[in-house]
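Beneath this line is the structure, given in structure tokens, with notes to follow.
No value in this document is a laboratory result; all are computed from the given coordinates. No experiment lies behind these values; they were computed from the predicted model shown. Glycine gets a Cβ as well: all are built from the backbone with ideal geometry, and neighbour counts include every protein chain shown.
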Amino acid sequence: MTLDMCGGLFRRKLLRPARPVPAGLFVRLAACVAVAEMLVYTAQKVYMAMRGETGMPGHPAPAAVQAQFAHAGLAQAGNAALGVLAALVALASVTRWGARIPRWALCCALALALVMLSLGAVATIGRTDFAWDRLGRGGVLGCVREGAQFGAWLVVTVSYGLRTRPHRDRPATGAGR
């Protein structure tokens, strides 16, 4: 295999745009929920960066964790940037400009975001106190919000994977029988 053949194969297979089937209303709504939740996460991280603390508003990290960061504000600003990037990934899965991104790249980004969000949901559910006398407080609402966010990302990820599947060439009717 020559170098020109390898370059052509690389361009045809790895850099080919996905060209997905247009997303339906339900998938677009799920993408909007995912983008909105990521922008809320970004705002929370910007707030914590301005305070110079790690963690989330209402749940700052313990002092031992805070001491590990020389510049906690910079770490939180990096997390805020990742939130914006994740919002762009969700938006790319349903927009026309996102169709220019190779399928493997966007599938990997969506899967990574889904895994990271599921870990965040597990952490939120783990620190929530489901006592009956405090059921209406913010912890339960956080669990509901994390569940909605995970569900939205799951819909966006699975839908994108299904909408961008390569189609098998089928024989014309009557030709393959």
Point to revise | Under 12 Å, Cβ to Cβ, from V156 - net charge with Lys/Arg +1 and Asp/Glu -1 | key: +1
Practice item. Give the calculated FRET efficiency between R96 and R51 to the nearest 0.05, with a Förster radius of 45 Å applied to their Cβ-Cβ distance. Key: 0.70
Point to revise | Cα-derived Rg to Rh of region 30-108, Kirkwood definition | key: 1.11
Practice item. For H59, list long-range residues whose amide hydrogen, built 1.01 Å from N in the peptide plane, is under 5 Å from its own amide hydrogen. Key: none
